[in-house]
Amino acid sequence: MSVMSQDARAVIVIAATPTPNGDLHVGHLAGPYLSGDIYARRQRALGRRVIYATCTDDSQSYVLASARRNGVTPAELCAKATGDIERSLFAMGISMNGLPPIDDTYRTSVLDFVGRLHRDGRLRLRTVSLPYAQTTGQFLYDGLVGGECPVCLAPSSAGACEGCGHPNNFTDLLCPGNVLDRDEPVAHRECTILVLPTEEYRDRIEEHFAEVSTRWRPHAAQLVREILARPLPDIPVTVPGEWGIAAPFEETPGQILYPWVEAMPASMYATWWAAAQAGDERSELDEHWRAENDAELVYFHGFDNVYHWGLMDLVMLLAHGERYTTPASNVCNEFYELDHAKFSTSRQHLINSTELLQDAPRDLARFFLALTAPEYQRTNFDRENFRILIDERLTVPWNRLAETLEKLTAAVGGVELAVSPEGRRRAQAVADRFTVAYSLPTFSPALAAETVVQQLARLLDAAQQAQARQLPEELGDLLAQLSAVLTGAAPILIDVAQQLRDQGVVLNPSAPAAETIATFALPRLGRRMPSGPAGRLPVRN
Ligand SMILES: [Zn+2]
């Protein structure tokens, strides 16, 4: 058994904070939100205390740019998008208690966190040069400015490049243009801001990565090595801007907090809020994250945020000395594509959760996203493939197995069946495959989903043989193995898992296979899917 399954520490799972400038699309869901949910559900099933949370990042400059494009105010956009995001998370069965309100408690927690760094002398005043819109007199940062990445030369916003993941600050971005008004000339202008000097934390950053990088996926770990091979850029803590939390420091009058420095206190606030929804009322807002509580902290985010969630946020924690725990791992996904092109809200090249759930029940949608999750490289969503894969590999064999087992169950008549040593050994072998798929160094919802379909095909074959040779006494062994498959599938097929629990079936990944098993009915998988263009569904033999 792996160490993970015996870990008694509480788990804090944080999914990347969604920007409320539109609904979540299937690319987002297949990335951090579903993966984080699957991890959280598995850890709960192992008996661990899990808080799974996220928080909208309302202060991001992308809200300003999208609001301008949509002809609404930033506040209106935030309110609408937050509702849409919350509904999408709920519709997909993401096991969070909703999204916490961005209110005075939120702002106080951010100001406490950053204020402590200021008070402890961690911040430095720096005069830097920033892109500047000459006509409006506006400094441009992050999503307000677009140009070319200085590292890979791809089109990029300021802050970090979506393509190669490298940070770009201040004057780094090549050919900067004003996103709010493409025709407006952009110059550079000096201003004095507060920064957190990342280079001062290099030893501790390198020590941290020496410990955790074996738990990171290779592409993200490689990016961190590349970033560490260069001088580490200062983290802006304040910027001259209007949308965000006003910076309370007298050295930087009229500035706001740089939106990304809110991510850590926002995550602490979201953890506290989620725990409070579940009845855990701790007085100190950052208590769950304190080092002495020794929680296992795991982030789920996309490759485009490796710099932010991997490095910047780490430094924000390290700058508080020994006060906070640091992440045990960052589980980083690649991009999920739609018809072999990137999901894009501005080009409306996307599918959101509502559209996806019109095509299939929630369990099947979750299963397909898990099976095709972009874990190690870009993967692709297309609706035809969705229908074919789900039908052919999951629902058809599943429902045939259910039918065959029903006949065998009717033939034995008994309720409690014996499981042979070989049946128990096989059930344990299945359980071990899921332990690999759900444990951190090898965490892979795609491997878990693949294991489900492989085992399903094998059990269908075995059940059909038992039926053909009239050997209903094999049913006990079959049900023991099926029970291991269903326990492994439970974090993905959440509605099936609930139907099984309602029948009294125990889905406990830490329980060894017993010498007897009570018969149970395998719930049929719904196939509430439009049949698609005539003749395009596969013909079965
Ligand atoms: Zn780049």
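The values are calculated or read from the model by the stated rules, or taken from the named source; none is laboratory data. Source: prediction; values computed, not measured. Neighbour counts are summed over all protein chains in view; Cβ atoms, including those assigned to glycine, are modelled from backbone coordinates with ideal geometry. The accessibility values were calculated without ligands, DNA or RNA, using every heavy atom of the protein model including side chains. Shrake-Rupley method; radii C 1.70, N 1.55, O 1.52, S 1.80 Å.
The coefficient of translational diffusion for the stretch 234-275, derived via Stokes-Einstein from the alpha carbon Kirkwood radius under 20 °C and 1.002 mPa s, stands at 192 µm²/s.
Note on the chain: Rg/Rh from Cα positions, Kirkwood definition for Rh, rounded to two decimals, is 1.02.
Quick one: of the DSSP bridges fully inside the chain, what percent are antiparallel, nearest 5?
65
For the chain, the membrane-span-like helices by this rule, meaning whole DSSP H stretches whose C-alpha atoms cover at least 18 Å of axis and whose Kyte-Doolittle mean is 0.0 or above, are 74-91, 263-277, 396-412, 445-468, 475-489; this says nothing about an actual membrane. Under a 5 Å amide H cut-off, with hydrogens placed 1.01 Å from N, ALA160 pairs with ASN168 among residues at least 5 apart or on other chains.
Would you work out what percent of the accessible area of the stretch 105-156, with all protein chains in place, is carbon or sulfur (probe 1.4 Å)? Before the final figure, lay out the partial values.
Details: 1120 of 2330 Å².
Using a 1.4 Å probe with all protein chains present, the stretch 105-156 comes out at 48 percent carbon and sulfur.
The three principal axes of the C-alpha atoms in the stretch 243-368 carry coordinate ranges of 51, 38, 25 Å, sorted with the longest axis first. With one equal scatterer per alpha carbon and no solvent term, the Debye-computed log10 I(q)/I(0) for the stretch 387-518 at 0.20, 0.23 1/Å reads -1.27, -1.60. Full extension of the chain segment joining ASP339 with GLN358 gains 5.0 nm, where the gain is 0.36 nm per residue of separation less the Cα-Cα distance. Near the amide H of ILE256, under 5 Å away, which other amide H atoms are found, from residues 5 or more places off or on another chain, if H is placed in the peptide plane? Amide H to amide H, under 5 Å and 5 or more residues apart or across chains, ILE256 pairs with VAL239, GLY241, ALA247.
Ordering GLN499, LEU389, ALA411 by Cα displacement along the dipole of the stretch 387-518 toward the positive end leaves LEU389 in first place; charges were set at the Cβ atoms of Lys, Arg (+1) and Asp, Glu (-1).
How large, in percent, is the carbon and sulfur part of the accessible surface of the stretch 387-518 at a probe radius of 1.4 Å? The C+S portion of the solvent-accessible surface of the stretch 387-518 is 52 percent. Using 0.36 nm times the number of residues separating LEU389 and GLU206, minus their current alpha carbon distance, what extension gain do you get? Here the segment from LEU389 to GLU206 would lengthen by 61.6 nm. Segment LEU125..ARG87, full-extension length gain: 9.5 nm, with 0.36 nm per residue of separation and the alpha-carbon distance subtracted. Counting protein heavy atoms only, the stretch 224-340 has 46 percent of its accessible area on carbon and sulfur, 1.4 angstrom probe. In this structure the chain gives 41 Å² per residue of accessible area when probed at 1.4 Å with all protein chains present.
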